[in-house]
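The values are calculated or read from the model by the stated rules, or taken from the named source; none is laboratory data. These numbers were taken from a predicted model, which means no experiment stands behind them. Note that each Cβ is placed from the backbone with ideal geometry, even for glycine, and that neighbours are counted across all protein chains shown. Only protein heavy atoms, including side chains, enter the accessible area calculation; ligands, DNA and RNA are left aside. Shrake-Rupley method; radii C 1.70, N 1.55, O 1.52, S 1.80 Å.
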Amino acid sequence: MPGIVIVGAQWGDEGKGKATDLLSDRIDYVVKFNGGNNAGHTVVIGDQKYALHLLPSGILTEGVTPVIGNGVVVDLEVLFDELTALASRGVDVSKLVVSANAHVITHYHRTLDKVTERFLGKRQIGTTGRGIGPAYADKINRVGIRIQDLFDENILRQKVEGALHQKNHLLVKIYNRRAISADEIVEDLLSYTQRLRPLVADTGLLLSEALDAGRTVVFEGGQATMLDVDHGTYPFVTSSNATAGGAATGSGIGPNRLDRIIGIVKAYTTRVGSGPFPTELLDESGEWLRARGFEFGTTTGRPRRTGWYDAPIARYASRINGLTDLVLTKLDVLTGLERIPVCVAYEVDGVRTDEVPVSQSDFHHAVPIYEEFPGWDEDISGARSFDELPANARNYVLAVEAMSGCRISAIGVGPERDAIIARHDLLG
Ligand code: GDP
Ligand code: IMO
Ligand code: MG
């Protein structure tokens, strides 16, 4: 059972690193298959806290080979800064492998991300401003720069000039910014080639051979189902496939190599940036969840929007990803609530619907229908088996499980690496 996918089942920040950690001593490779440094993973190991943006959280596990797949967009400055920072804290980063086909994020992508957001005005997406959307747009427009292009200066120069030709017209004539010089971009990119060369490989081949040899490979998704460019709340999404299908296309292995698909959900819901969010709480309960759950972005520091658990979204994520397991994180954050509402369905224009509406406008004014469950006061952060949880916490988990379309195989009860209750073996 060696191919395991981990995806966010809500709007991100579910604690995806928790699931990777749970499997850590049995993993050989961990692959990032989508997104870039828009991701933010906080991982707590002992008294050490690590904030990762571009690298998969599995890089913190000794002996694991981290892989950046072809589906990723790579900001080289961020990559080398992150590697240097981890190495200075004693993390072995020497095994990292980067796909020759991954695209690079350059200065002009970051600039365009910021100016287009500004021009969208009220319709802005609230991107992380890291150049993610423009880099993927170039990839789809076939004017992107790939990692392999950095090793042929001639080709690199031609491609950068080609990409900038149209962009400089846009920047100068539409956005009133100064033109970007192709020479500066080329020079900047070339400054990384020496350090990059030993890391670059045909990662699709490497991973297929690893799977053939019976190695365990974890495909760690960035972002989440509801931020997926095809299946999320478009246009308030990121620009890649964050759902399980992206694990195959974003890493170059066949979809039949994916044996287990694990979705991560919080015991409540959060979202960063704009877009619909039916269970959002704009009152003091939302403030309470934000403070208790410490819901501030790892990448941008923005306060996250907070709300109750949304079962139709969990069911949707189970279906779209083909989830085999759910990991429910941050159950400890709900401790102290008298009653805990869970959204079981929506009402759209007076009609009950159990599914996430396909129409954007319907989803925008979907009103949650809540069922309430009794809360608990006991500190659950020390619980390591399901039976150690108070009865009301167990009931909450079982109720949420029954509504979510997938079994809950593990439960997070604190930020630390070992603060987790395993119910079903994620590899067995
Ligand atoms: P990711 O983007 O899915 O990797 O998640 P983030 O790292 O952005 O956000 C998850 C946050 O929740 C991190 O600060 C984790 O340390 C923390 N966390 C993960 N699992 C738990 C849990 O079970 N309980 C609590 N209290 N915190 C958790
Ligand atoms: P992790 O991996 C939460 C959101 C942004 C914005 C939208 C588009 O930590 O779960 P982008 O910069 O990708 O073009 O922004 O997507 N977003 C995330 N929200 N967690 C993330 O990653 C996110 N990555 C992007 O806030 O609304
Ligand atoms: Mg995050």
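Odds and ends about this structure:
- Test: residue in the range 123-131 that is among the polar types (S, T, N, Q), in contact (Cβ under 8 Å) with a residue 60 or more places away in the chain and under 30 Å from Leu23 (Cβ atoms): yes
- Boolean, Thr84 is polar (S, T, N, Q), at pLDDT below 95 and open to solvent by 20 Å² or more (accessible area, probe 1.4 Å): no
- Unmet requirement for Leu55, which otherwise passes all of (1) surrounded by fewer than 23 Cβ atoms within 10 Å (Cβ to Cβ); (2) free of Cβ contacts under 8 Å to residues at least 60 places away in the same chain: (1)
- Residue among Val97, Val104 that is β-branched (Val, Ile, Thr) and surrounded by fewer than 23 Cβ atoms within 10 Å (Cβ to Cβ): Val97
- Search result, residues across the range 44-101 that are part of a loop (DSSP other than H, G, I, E, B) and within 19 Å of the chain's Cα centre (by Cα): His53, Leu54, Leu55, Pro56, Thr61, Gly69, Asn70, Gly71, Asp75
- At least 2 residues being closer than 18 Å to Gly3 by Cβ and open to solvent by 40 Å² or more (accessible area, probe 1.4 Å) is the threshold, and among the helices (runs of 4 or more DSSP H) wholly inside the range 165-241 those reaching it are 203-212.
- The range 24-40 residues that are open to solvent by 20 Å² or more (accessible area, probe 1.4 Å), paired with ones that are of a type in the set (Gly, Ala, Ser) (beta carbon under 6 Å, 6 or more apart): Tyr29/Ala210
- Extreme residue, farthest from ligand 2 (Cβ to nearest atom), among residues of the range 403-428 that are open to solvent by less than 10 Å² (accessible area, probe 1.4 Å) and either farther than 18 Å from Leu389 by Cβ or free of Cβ contacts under 8 Å to residues at least 40 places away in the same chain (or both): Ile421
- If you filter the range 1-59 down to residues that are within 13 Å of ligand 3 (Cβ to nearest atom) and of a type in the set (Phe, Trp, Tyr), you find that the one that is modelled with the highest pLDDT is Trp11.
- Breaking point among (1) open to solvent by 60 Å² or more (accessible area, probe 1.4 Å); (2) more than 30 Å from Arg26 (Cα to Cα); (3) not β-branched (Val, Ile, Thr), for Leu120: (1)
- Within the range 277-303, considering residues that are touching a residue at least 60 places away in the same chain (Cβ under 8 Å), open to solvent by 10 Å² or more (accessible area, probe 1.4 Å) and under 26 Å from Ser359 (Cβ atoms), the one nearest to ligand 3 (Cβ to nearest atom): Phe277
- Counting only residues that are within 10 Å of ligand 2 (Cβ to nearest atom) and free of Cβ contacts under 8 Å to residues at least 60 places away in the same chain, the range 132-149 holds 1 of them.
- Residue in the range 36-43 that is assigned to a helix (DSSP H, G or I), within 12 Å of ligand 2 (Cβ to nearest atom), within 20 Å of Gly263 (Cα to Cα) and under 16 Å from the mean Cα position of the chain (by Cα) present: no
- Selection of the range 120-145 for residues being more than 16 Å from ligand 3 (Cβ to nearest atom), part of a loop (DSSP other than H, G, I, E, B) and farther than 19 Å from Val186 by Cα yields Gln124, Ile125.
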